[in-house]
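In what follows, a structure is listed as C-alpha cells, so that the remarks can point back to it.
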Amino acid sequence: MSMPARYVLEVTMLGPSGAGKTSLLASMYVQYSSVIGGTDLDLTPVGETAARLTDVVAVLKSLSRSVQVRDRVANTSALDLHRYEIGVGRKNRKSRFVLRFTDYAGGLLRDPNGTPVAQGVRNALADSPVVVLAVDTPSLMERDGLYHERINAPYLMYEQVKEILRSDDRPRLLLVVPLKCEKYVATEHGSAELLSRVRTGYQPLFDHIAHADVRPRVGCVVIPVQTTGSIVFSSITESPNGELRFHFRSRRAGAEYRPVHTDQPLRYALRFVLNVYLRERRGIWRETLDGVFGHDQALERAIAQFADGTVTGPGIEVVQHHPHLSSSVAGRA
Ligand SMILES: Nc1nc2c(ncn2[C@@H]2O[C@H](COP(=O)(O)OP(=O)(O)O)[C@@H](O)[C@H]2O)c(=O)[nH]1
Ligand SMILES: [Mg+2]
C-alpha cells in the first residue's frame, strides 16, 4: 500500500547515527498498543516498515538480556536515507494518513555538494512540521561531555535547524529527545542534571529558537526516552586507534525490556500538528494538513484524546512554549 503524497505527514529525525533513532521508532511502535488505552486511534506500519521495526525490537530485547553490551555496532549505512512509514487512523478502519519518519545519519548533512539523497533529506526537513533531534546521552553526560561535540555534532544540528527556520515562517515543533538515558533519569536530580546539560550542550540552538523573530513560531520540548528501560550505561573505552566503544549493562540480572515514555514524542507531535490544523486556517501547512486530517472529526477527537496523554516532569520539559502545545478542544467536542 502506498499513500498519495497529500496524505503524508513528514517527521524528520536529526541526530548522530547510533543515537538510537530507529530503536525509538521500534519501541514506540511495539509499545503503542499498550499505551493508547481506550482511545479510538490506531497505528499501522506501512509496507516493509513492520518487518524492519520488528527486527529492531528483537535486537533491543536481546540487549536487555545480555550482561555486557557493546554499542555502536558497525555503522555501514551512514549515508543511507532511512524511511519508516506508519499509518494513522481510527480503530478498525483504513489508515487516514501516513506519518513518514525520515531517519538519517549525520553523515548526510556533512555532504556539502547535495547528493540526491542529501537533497531528499533537505526536502523532507522543509516539509516537516515536527523535527526530532535525537541526542546520544552518554556522549553528552559522561566525562563532562568530552565526546559530545564529536558524536552529537551540536553545531551541525544547529545549522540544520537554522536553515529550515530561515526558509519559511511556518510554525514548527522541535522535540529534543535524549536516548540511551536510563542511567541519568533514574532520579529526579539526575533528570534535572540531564536537562541542564542538554541546555548547555545545544545552547546556540536554544538561543536561536528563542530569538524574537523565531520564538513566536517554534515550540520546543525535551523528552528523554528510555527505549529499553533495562540497560544502563557503564563505561567508555577508546582503542589506540581512537575507536570509541560505549558499554552498557543490564540494570540487574534478568531485567526486562521495559521502555519508558516512547509514546511521548508522538503525543506532543500529534497535538501540535492537530492544533495547527484546527487553528490556523491559512498558511503554508494548510494544504498538507487538509489532506492529512481531511475534516474527519472523529479522527480529530481520537488524536486529541491521545494527545491529552502528554506528561511533563521529571526530565520532560517544555523549554519553549507555543500556543499549539496546549490542549486541543477537539477532544472534548
Ligand atoms: N544501551 C542501549 N542501546 C541502545 C538503545 N537503543 C538502541 N540501542 C543500540 O544502539 C545502536 C544504535 O541504535 P539505532 O536505533 O540503530 O540508532 P540510529 O542510527 O540513531 O537509528 C544499536 O546497536 C541499538 O541496539 C538503548 O536504549 N540502550
Ligand atoms: Mg537508524
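Identify all lysines with a Cα-Cα distance to Lys21 below 22 Å; exclude those on the same chain that are fewer than 8 residues away in sequence. Reachable lysines: Lys61, Lys162, Lys180, Lys183. Projecting label points 7 angstrom from Cα along Cα→Cβ for Ala58 and Ile236 puts them 3.3 nm apart.
Note that region 187-333 carries a Kirkwood radius of 18.1 Å, evaluated over its alpha carbons pair by pair.
Summing +1 for each Lys or Arg and -1 for each Asp or Glu among the other residues whose beta-carbon sits under 14 angstrom from that of Val88 gives +2.
Take the alpha carbon gyration tensor of region 132-182, find the square roots of its eigenvalues, order them as a ≥ b ≥ c, and report rounded if a/c is under 1.5; if not, report prolate when a/b exceeds b/c, else oblate.
Here region 132-182 falls in the oblate category.
Averaged over all directions, how much area does the convex hull of the C-alpha atoms of the chain cover when projected, in nm²?
16.6
From least to most packed, judged by other beta carbons within 10 angstrom and beginning with the fewest, Asp127, Asp296 follow the order Asp296, Asp127. Ranked by the mean number of other Cβ atoms within 10 Å of their residues, highest first, the peptides 301-309, 247-255 fall in the order 301-309, 247-255.
In terms of surrounding Cβ atoms within a 10 Å radius of their Cβ, Ser27, Ser196, Ser328 rank from fewest to most as Ser196, Ser328, Ser27.
Report, as a whole number in µm² per second, the diffusion coefficient that Stokes-Einstein gives for region 239-304 at 10 °C and 1.306 mPa s using the Kirkwood radius over alpha carbon pairs. The partial results should precede the final answer.
Working: Rh = 15.9 Å.
The calculation lands on 100 µm²/s.
Ordering 220-232, 258-270 by mean Cβ neighbour count within 10 Å, with the highest value first, yields 220-232, 258-270.
Each Lys and Arg contributes +1 and each Asp and Glu -1, all at the Cβ; summed about the Cα centre of the chain, the dipole is approximately 580 debye.
Assuming 0.36 nm per residue, please report the length gained on full extension of the stretch Ser196 to Leu146 beyond their Cα-Cα distance. Could the numbers behind the result be given before it?
Values: separation 50, 0.36 × 50 = 18.00 nm, distance 1.59 nm.
Result for the pair: 16.4 nm of gain on full extension.
Loop-only GluC sites (Glu not before Pro) in region 224-273, please: DSSP not H, G, I, E or B, and at most 16 other Cβ atoms within 10 Å.
Values: sites: Glu238, Glu243, Glu256; in loops: Glu243, Glu256.
Passing both the DSSP loop test and the Cβ count: Glu243, Glu256.
Of the peptides 40-49, 135-144, 15-24, the ranking by mean beta-carbon count within 10 Å, highest at the top, reads 15-24, 135-144, 40-49.
Only the coordinates and a few stated rules stand behind these numbers; no lab work does. Model, not experiment: these values are computed from the prediction. Here Cβ is always computed from backbone atoms with ideal geometry, including for glycine, and neighbour counts include all displayed protein chains.
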